[in-house]
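*Asks:* The structure is given below, and queries will be raised subsequently.
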Amino acid sequence: MMITFETPDQPDVHTLIAELDDYLYALYPAESVYALDIHSLLAPNVRFAVARDGDGAAIGCAAVLLTPEYGEIKRMYVRPAARGTGAAGRLLQLLEQAAASAGCADMVLEAGPSQPEALAFYARIGFRQCGPYGAYPDDPYSVFMRKPLGKIA
């Protein structure tokens, strides 16, 4: 498996993001899905990582939105067939390194209560629930989590 920063503007990455969108919109109302589109993922303060299998096929992706206060995880997705391979942990590790290098003190994320496996994964690697941050509203379909970067696993 290879995980590197790439541009999100690639056909196989578009397919990953479309799969993630289908999943999220099946779980939550549209107004409670706070996803970045491809154009936003191309912003200079975003780092986008792709996990590829041994054949070069995209099996997962994740982004970090870098702010002066924190790095926010966005667009985290690993295809169901690739779950359990360590791809998610390695994607997060690369994002945390990028955020630490940019001077961010914390990593934050917004996920949903209908994703217990994702929430358990984040808790295992040091994220703890917190209140809304940034411009997010207090939404019953949101679970907010934070991890100090001093505790990178």
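*Asks:* Hey, rough spin-label estimate for Gln93 and Ala57, points 7 angstrom out along Cα→Cβ, what's it come to in nanometres?
*Replies:* 2.4
*Asks:* How many nm is it between the label spots at Asp37 and Gln10, if each spot is 7 Å from the Cα in line with the beta carbon?
*Replies:* 2.3
*Asks:* Hey, any idea what Rg/Rh is for region 103-153, computing Rh the Kirkwood way over Cα pairs?
*Replies:* Details: Rg = 11.0 Å, Rh = 11.4 Å.
Rg divided by Rh gives 0.97.
*Asks:* For region 37-118, what does the alpha-carbon gyration tensor say about shape, rounded, prolate or oblate, given a ≥ b ≥ c as the root eigenvalues, a/c under 1.5 as rounded, and a/b over b/c as prolate? Show your work: numbers first, answer last.
*Replies:* Working: a/c = 1.73, a/b = 1.43, b/c = 1.21.
Prolate, because a/c is 1.5 or more and a/b exceeds b/c.
*Asks:* Karplus couplings for region 11-22 from phi (6.51 cos²θ - 1.76 cosθ + 1.60, θ = phi - 60°), rounded to Hz, Gly and Pro as x?
*Replies:* 3J(HN,Hα) across region 11-22, in whole Hz: x, 5, 6, 4, 5, 4, 5, 5, 4, 4, 4, 4.
*Asks:* Could you give the size of the charge dipole of the chain about its Cα centre, using +1 on the Cβ of each K and R and -1 on the Cβ of each D and E, expressed in debye and rounded to the nearest 20?
*Replies:* 640
*Asks:* Any idea how far apart Met2 and Tyr141 come out in nm if each label point goes 7 Å out from Cα toward Cβ?
*Replies:* Using points 7 Å along Cα→Cβ, the separation is 3.7 nm.
*Asks:* Contour minus end-to-end for Asp21 and Asn45, with contour as 0.36 nm per residue of separation and end-to-end as the Cα-Cα distance?
*Replies:* Working: separation 24, 0.36 × 24 = 8.64 nm, distance 2.21 nm.
In short, 6.4 nm is gained.
*Asks:* Enumerate the residues in region 88-109 having an amide nitrogen under 19 Å from the point lying 7 Å beyond the Cα of Ala120 toward its Cβ.
*Replies:* Under 19 Å, as judged by backbone N against the label point of Ala120, lie 88-90 of region 88-109.
*Asks:* Return P(r) of region 2-148 (all Cα-Cα pairs; 5 Å bins starting at 0; whole %; ordered from short to long distances).
*Replies:* Over region 2-148, the share of Cα pairs per 5 Å bin runs 2, 10, 20, 24, 24, 15, 5, 1, 0 percent.
*Asks:* HN-Hα J couplings of region 44-60 from phi, Karplus 6.51/-1.76/1.60, θ = phi - 60°, integer Hz, Gly and Pro as x?
*Replies:* So the Karplus estimates, Gly and Pro as x, are x, 9, 10, 10, 10, 10, 10, 9, 10, 7, x, 8, x, 6, 5, 10, x Hz.
Computed from the coordinates by the stated procedures, all read-outs in this text should not be read as laboratory data. Every value quoted in this text rests on a predicted model; they were computed, and no experiment measured them. Don't worry about glycine lacking a Cβ; one is built from the backbone with ideal geometry, like all the others, and counts go over all protein chains shown.
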